[in-house]
Amino acid sequence: MDLSAYIDDALKEKPPQGTVWVALSGGCDSVCLLYLAVQARKRHAFNLRALHVHHGLQAAADTFAQHCQALCASLDVPLILEYVALDASQGGSLEALAREARYNIFLSHVGRNDVLWLAHHRDDQAETLLLRMLRGAGVTGLGAMPASRTLGEGRLVRPLLEAGRDELRRYARQHALSWVEDPTNDDVNFDRNYIRHRVMPVLDERWPASVVRLAATARHARDADVLLAEFAALDLEQMGGNPARLSCAALLERSEARQRLLIRHCLVCLGLPLPAERQLQTLIARIGVRHDSEAHVIWPGGEGHVWRGTLLFHVPRIPLPADWMEDWDGFSPLRTPGHTLYYQLNRDDGAYETVRVMSRRGGERLRRGGMSRRLKTLLQDNTVPPWERRQLVLAWHGKELVAVLGETFTLTADGWQASLKRHGERKTSSSDYF
C-alpha cells in the first residue's frame, strides 16, 4: 500500500474543522510522517501543525529542536516547541517520566475535533508486542499500540502502523529528506533497543516475515480485547451499570475469569490504574467474606473494598490526622490535609459563624430532632463506609458539634444547615448518605 494512502485513510478520522498535529521528534519516521502530511495538505486542504517536545535528556536535544524548526520553516508548517524538565526524584525510569511528560503536553494542545498523528510503524508494533509478552501482559497488553484512540477531547492516530520501517527509509531517501539520528537508539541497555538490535535480527533470519506476523498477532489480540470489553460491559449492565459498585453475590455467580475481566473493565471505566495480578487475586478472594465486615486491597492509584455485600472501587483516601484542627468561616473552601470540601455552613436564620473543624476523636454526640445522638450510631444508621468515616470533618461551635461533613455525606445539628457547592453549583445536602 502506498504511504500516501495511509495518510488519506487517517484523514477520514479528522472532523472537518479540526487541526492535524504531527508529533515531530526529528527522527526519520516522524520526518516522513510530517512530509506525507504536507503532501496530503496539498490534496485536501486542512490545518496542519507540528509539535516537538524538548526533554533535555541528552546533549543532542538542542540539535533535534533546531532541525525541527528548520524543517517546519521549509515546509511552511507552524511548530510548537515545548521544553520539559524531568524530576528523577519522583521515582520510575527517565524513559517513563519522559513519556508521561510528552503525553501531558499532547493533552494540553490537542483540542476538540483535533487529531494527533504519531509515526509508530509495524516494526514498532512488533517490538511492543514482544516487550509486553516478556512482561506477562494479558490480552489488553498484547494488543500493543492501537491505531486510534481518544486523547482528551481529541484523538490520537497512528497512520503508519501498517507500514514497515524499511518502507519509511526508502521514502525518505527517494524524497531527499533529512533527519537526525538519536544516538540512544543504539544503546542496547534499553529493552526496546535490545529487542530491535539483538532479538529481531535473529527472528528475521529464521522467520523472514516475523515482523508482519507479530504485528498481525497484536491486531488479533486487540480484536479479542474489544470483544471481551463488550462482554464485560454486558455483565456490568446486568449488575446495575455502576462500575464503582458491584454486588458480591452477583460476582460469585460468575467464574473467576469473568470476575477478573469485569473488575478490570470497571477500573478502566473509572479511570483507575489496574492492580497487579497478585493484588487482583487477593481482592477476588475477599469477595466471599462476611457481609458485615470490611476487607480491602490497596494498590498505587486505587482501592477496592468489600463491605456489606458490595465491592466498591475508588481512588485512595487519606485519613485525617488525629490531631488536625483549624478555624473555618463556614463559606470558604474547606481544605483539609487529605482533600478539599466545598460547603457553606450557617444557622437556620442564614447567619454565618466561625467554627472549629477537626477530625473525629471518638465519643461525639450530635443533637438532632431534639435528641442527643451518638455520632457512631448515626453513621451506622446512614451506612457510611468505614473508610469514609476516617475522612469526615467535624465542625464545632464552642462545645457543640454542629455539623459532620464528608465528600458524599453530611449531617447537621438542630438549628444548622449545610449546602454543598461544586463548580458554581449549589446543592442542599440531606442527612442521608448519597
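Values quoted throughout were computed directly from the atomic coordinates according to the rules given, and no laboratory measurement underlies them. Note that the coordinates shown come from a computational prediction; the quantities given were computed from them, not determined experimentally. Glycine gets a Cβ as well: all are built from the backbone with ideal geometry, and neighbour counts include every protein chain shown.
Divide by every residue of the chain the summed helix terms, -39500 (n - 2.57) for each DSSP H run of at least 4, and state the resulting mean residue ellipticity at 222 nm, rounded to the nearest 500 deg cm²/dmol.
Helices in the chain give a 222 nm mean residue ellipticity of -11500 deg cm²/dmol.
Starting from 0.36 nm per residue, how many nanometres of slack lie between Arg368 and Asn242 once their C-alpha separation is accounted for?
So the extension gain works out to 42.1 nm.
Measure nothing fancy, just the Cα-based angle from helix 165-174's long axis to the longest principal axis of the chain, in degrees from 0 to 90, nearest 10.
50
Please check which bits of the stretch 176-196 a label hung off Ser74 would reach, taking the label as a point 7 Å along Cα-to-C-beta and the cut-off as backbone N under 15 Å.
176-181
Rounded, prolate or oblate for the stretch 239-314? Axes are the square roots of the Cα gyration tensor eigenvalues, ordered a ≥ b ≥ c, and the cut-off for rounded is a/c under 1.5.
Rounded shape, in that the Cα axes give a/c under 1.5.
Which aspartates and glutamates, on any chain, are close to Lys14 with Cα under 18 Å apart, when same-chain ones fewer than 8 places away are left out?
Leaving aside aspartates and glutamates fewer than 8 places away in the same chain, those within reach of Lys14 are Asp114, Glu153.
With the dipole of the chain worked out from charges on the C-beta (+1 for Lys and Arg, -1 for Asp and Glu) around the Cα centre, which of Gly141, Leu160, Ala37 lies farthest toward the positive end?
It is Gly141.
Once you sort the root eigenvalues of the Cα gyration tensor of the stretch 3-218 as a ≥ b ≥ c, which label holds: rounded (a/c under 1.5), prolate (a/b larger than b/c) or oblate (the other case)?
rounded
Under 5 Å between amide H atoms, partner at least 5 residues away or on a different chain: which partners does Val402 have, H built in plane at 1.01 Å?
Under 5 Å from the amide H of Val402 lie the amide H atoms of Ala395, Trp396, His397, each far enough along the sequence or on another chain.
Report the antiparallel proportion of the DSSP beta bridges in the chain as a percent, rounded to a multiple of 5.
If I count the DSSP bridges inside the chain, around 75 percent turn out antiparallel.
Can you tell me, using C-alpha contacts under 8 Å and at least 6 residues apart, the relative contact order of the stretch 253-317 as a whole percent?
Computed over the stretch 253-317, the figure is 25 percent.
Note the angle between two axes, namely the Cα long axis of helix 94-109 and the longest principal axis of the Cα atoms of the chain, as a number of degrees from 0 to 90, rounded to the nearest 10.
80
If the only charges are +1 at each Lys and Arg Cβ and -1 at each Asp and Glu Cβ, what is the size of the charge dipole of the chain around the Cα centre, to the nearest 20 debye?
960
Give a residue-ordered list of calculated ³J(HN,Hα) values for the stretch 386-392 (Karplus: 6.51 cos²θ - 1.76 cosθ + 1.60, θ = phi - 60°; whole Hz; x for Gly, Pro).
Once rounded to whole Hz, the list reads x, 5, 6, 4, 6, 10, 5.
Just check the stretch 325-428 against the gyration tensor rule for me: Cα atoms, a ≥ b ≥ c as the square roots of the eigenvalues, rounded for a/c under 1.5, and otherwise prolate or oblate depending on whether a/b exceeds b/c.
Rounded, because the longest to shortest axis ratio a/c is under 1.5.
Below 8 Å, C-alpha to C-alpha, sequence gap of six or more: please give me the relative contact order for the stretch 325-428 in percent.
This gives 27 percent for the stretch 325-428.
With an 8 Å cut-off on Cα pairs and a minimum separation of 6 or more residues, tell me the relative contact order of the chain in percent.
Averaging sequence separation for qualifying contacts and normalising by length gives 9 percent for the chain.
Work out Dmax and Rg for the chain from the C-alpha atoms and quote the Rg first, both in angstrom.
Using the Cα atoms of the chain, the pair Rg, Dmax is 27.7, 87 Å.
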